[in-house]
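> Shown below is the structure under consideration.
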Amino acid sequence: MRLVGVVLATGLLGGCAFTEGQIPVHYVAPPNLEVTDGANTVSVTVKAHDGRVSNRDRIGTKKNGYGMEAARITAKNDIVELVRGAVEQELESLGFKVGPGGLTVNVELEVFYNDFKASLFHLDAVAEVAFSVTALNPDGSIAYSKSYRAVGTNQDIFMATPESAEPALEQALTHAMAGLVQDDNLQKSLVTAGHKLAGAPELPHPATTVSPAIAAAVPPPSASRKHGARGPLPSSVEFEAPSVGTRIYTDRGGQYEITSVEGTVVKTMNAASHSATWVGGFFSPGSESEMFNWRDVEGIWPLEVGKTVPFELSGSLGAWHVTMKVLRQEEITTEAGRFQTVVVETRERSVTGASEIVHTQWYAPEVGFIVKYSRETVRGASRPEAWTVRRVTRPDSHAVADAARRPAAVDFKAPPIGTRVYLDTGGYLQVAAVDGKTIHTVNADSREADYVGSLYSPGNAANRFDRSLVESIWPLEIGKSVRFEISRTDPDGRKRAWEETITVLREEHITTEAGPFRTVVVELRQRSLTGVFESITTRWYAPDIGFIVKYRHTIEKGSGTAGAWSAAKIEKPGS
């Protein structure tokens, strides 16, 4: 009878599956919290934004009697505010004061979605909630960052209704929030950062354990500076933990910030707020789903020339034989200075033999991290990559140089209608109209194009995307990133979709034929969700002009047309 009940229940959905449903979602706090020592002297301000890559317009989807998705399920209340308020409530319960003038805690909602899963004998509501929390030091550097994820279920339901999804979503939120309140490292990091703000002595960071011998070998915190190579390294180099908060700026415009260290596992976050885990300080798996023996990787320590560690790696994209080998010790010079390094090679060979990639990393014990990196493709389609460190900053620096400072946010400024940007490749772009933050242009061939948020041109008019999300990149702040999806259906019925990520990289002074400009460099990364294609588009936006003065488009994977131009002359109306 249970089987019949489920079949009939799902069959009954046919009449209402195409009507949108709304439910309120509440937060049920976990009980019995203990107040954190020292929290009562620390004030926090909790901010939140929506970082969901998909399902931003819903928290679930109804399914008809055939299991096909139909109408969406939405929340009556603001889900982003719900999560923000839950984090604020729990921090206050832990003893922190909520209010202005203190530390900033940024919350990014990553997933908030319920799915109905049916088997032969069961129908369940299965919800997932994920969010990340980034606590900032008074100087804007990251004190601590971590993602929290949990699943909630409502089992053996009779109908896949919005009301059935509600308890699963609320359970998932409660479980995810329990991970936050049980995270002692987050609480202690907030207390430590609060002491810095108040000028009290700094507490040791809870996520970093350093032996006395290593602590003596690591230079004290200082301002960003040029490094002078120390004497030759010993033949056997022990692991030296990098200081949490250390930033490694690369000559490719990126950066790695150390967010936590647990044993020899180092976690970092880049300028686009993407996190990575470096097992043994060297090996960074491509995704959390990849399986390997962490202890094998950590066996590369201590580093001794000739030492080799083999291990197996498997994941959704296949399986690989991986071999790590300590090649040599080498003194290198980069823009950041001279370093004594140990060179480690990681060679990945696919089991099928179709792919082979070689990663080479130069590890500097003085920094506790990699200061030079290269990736070469022996077989397969992976693109090469290389960078060297151009600057290193350590936590608690009070004299950070200009290159490491984050400039003030740049507000949107519309260019005057009639402005013409002549290109060094010929032709021009003329501002024909301005609609909010969308710039309508026409070129010398009378072709029209829209620049949403003044920076993003969707190309095909049939492309569908969230314009407000693109425009949320304003004001421009270094490291700020926005992810969204675009989709369209071609005339032949083929559906296409892409994931787009816009990131504010840096400020840069450039000179073109049109003269010198102070610009903000913004990068767009596009990845096809329905085919094989990746591209990078870089735009140099000049606030004084209100428009782009330099452009570069490269194809990273698949086929397409690359291009580049810079401003040769700029004419403003009435000039």
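The values are calculated or read from the model by the stated rules, or taken from the named source; none is laboratory data. Note that the coordinates shown come from a computational prediction; the quantities given were computed from them, not determined experimentally. Note that we place each Cβ from the backbone using ideal geometry, even for glycine, and neighbour counts take in every protein chain shown.
> For region 350-371, which positions are over 20 Å from Thr264 (Cβ atoms) and either crowded, with 18+ Cβ neighbours inside 10 Å or not assigned by TED's automatic domain parsing to the domain that holds Ala241 (or both)? It would help to see each step written out before you state the result.
Going through region 350-371, the residues over 20 Å from Thr264 (Cβ atoms) turn out to be 350-358.
Ser355, Ile357, listed by residue number.
> Return the residues of region 289-312 that are at pLDDT 85 or above and either assigned by TED's automatic domain parsing to the domain that holds Glu108 or within 24 Å of the chain's Cα centre (by Cα) (or both); say none if nothing qualifies.
Hits for region 289-312: nothing passes.
> If you don't mind, another one. Do you know which residues across region 448-460 are farther than 15 Å from Asp435 by Cβ and free of Cβ contacts under 8 Å to residues at least 24 places away in the same chain?
Gly459
> Can I ask one more? Taking the condition modelled with pLDDT of 85 or more and assigned by TED's automatic domain parsing to the domain that holds Ile300, does Arg394 pass?
Numbers: modelled with pLDDT of 85 or more: no; assigned by TED's automatic domain parsing to the domain that holds Ile300: yes.
It is false that Arg394 is modelled with pLDDT of 85 or more and assigned by TED's automatic domain parsing to the domain that holds Ile300.
> Of the residues Arg383, Arg338, which single one is at pLDDT below 80, more than 30 Å from Leu136 (Cβ to Cβ) and either assigned to a loop (DSSP other than H, G, I, E, B) or basic (Lys, Arg) (or both)? Show your work before the answer.
Working: Arg338 fails: at pLDDT below 80.
None of the others qualify; the one that does is Arg383.
> Hey, another quick one. Please identify the pairs in which a residue from region 528-540 that is closer than 11 Å to Arg552 by Cα and not assigned by TED's automatic domain parsing to the domain that holds Arg488 has its Cβ atom under 9 Å from the Cβ atom of a residue that is of a type in the set (Ser, Thr, Tyr) and surrounded by 15 or more Cβ atoms within 10 Å (Cβ to Cβ), counting only partners at least 6 apart or on another chain.
Listed by first residue and then by second, the contacts come to nothing, as the list is empty.
> Does Glu556 count as surrounded by fewer than 17 Cβ atoms within 10 Å (Cβ to Cβ) and not aliphatic (A, V, I, L, M)?
In short, yes.
> Here's a follow-up. Might you check whether a residue that is crowded, with 20+ Cβ neighbours inside 10 Å, basic (Lys, Arg) and closer than 30 Å to Val261 by Cα occurs anywhere in region 93-107?
No.
> Now, a different point. Looking at (1) without any contact (Cβ under 8 Å) to a residue 60 or more places away in the chain; (2) touching a Lys or Arg at 6+ places or on another chain (Cβ under 7 Å); (3) surrounded by fewer than 17 Cβ atoms within 10 Å (Cβ to Cβ); (4) not polar (S, T, N, Q), find the lone condition where Glu499 falls short.
(1)
> Let me ask something else about it. I'd like to verify a number: residues in region 90-133 that are more than 26 Å from the chain's Cα centre (by Cα), of a type in the set (Phe, Trp, Tyr) and part of a strand (DSSP E or B), how many?
1
> Oh, and also: Given the structure, is Thr208 at pLDDT below 90 and either among the charged types (D, E, K, R) or part of a strand (DSSP E or B) (or both)?
On the way: at pLDDT below 90: yes; either among the charged types (D, E, K, R) or part of a strand (DSSP E or B) (or both): no.
So Thr208 does not fit the description; no.
> Within region 34-47, is there a residue that is modelled with pLDDT under 80 and not β-branched (Val, Ile, Thr)? Lay out the reasoning, then the answer.
Residues of region 34-47 that are modelled with pLDDT under 80, as a first pass: 34.
Imposing the further condition that a residue be not β-branched (Val, Ile, Thr) reduces the set to 34.
Within region 34-47, one or more residues are modelled with pLDDT under 80 and not β-branched (Val, Ile, Thr).
> Next question, about the same structure. Select, from Glu128, Glu163, the only residue that is surrounded by fewer than 17 Cβ atoms within 10 Å (Cβ to Cβ) and at pLDDT 85 or above.
Values: Glu128 fails: surrounded by fewer than 17 Cβ atoms within 10 Å (Cβ to Cβ).
Going through Glu128, Glu163 in turn, just one is surrounded by fewer than 17 Cβ atoms within 10 Å (Cβ to Cβ) and at pLDDT 85 or above: Glu163.
> Okay, moving on. Suppose we filter Gly60, Gly51, Gly85 for residues that are surrounded by fewer than 18 Cβ atoms within 10 Å (Cβ to Cβ) and within 27 Å of the chain's Cα centre (by Cα); which single one remains? Before the answer, list the steps.
Working: Gly60 fails: surrounded by fewer than 18 Cβ atoms within 10 Å (Cβ to Cβ); Gly51 fails: surrounded by fewer than 18 Cβ atoms within 10 Å (Cβ to Cβ).
When all the criteria are applied, what remains is Gly85.
> Which numbered condition trips up Thr425, out of (1) more than 32 Å from the chain's Cα centre (by Cα); (2) buried (at least 20 other Cβ atoms within 10 Å of the Cβ); (3) of a type outside the set (Lys, Arg)?
(2)
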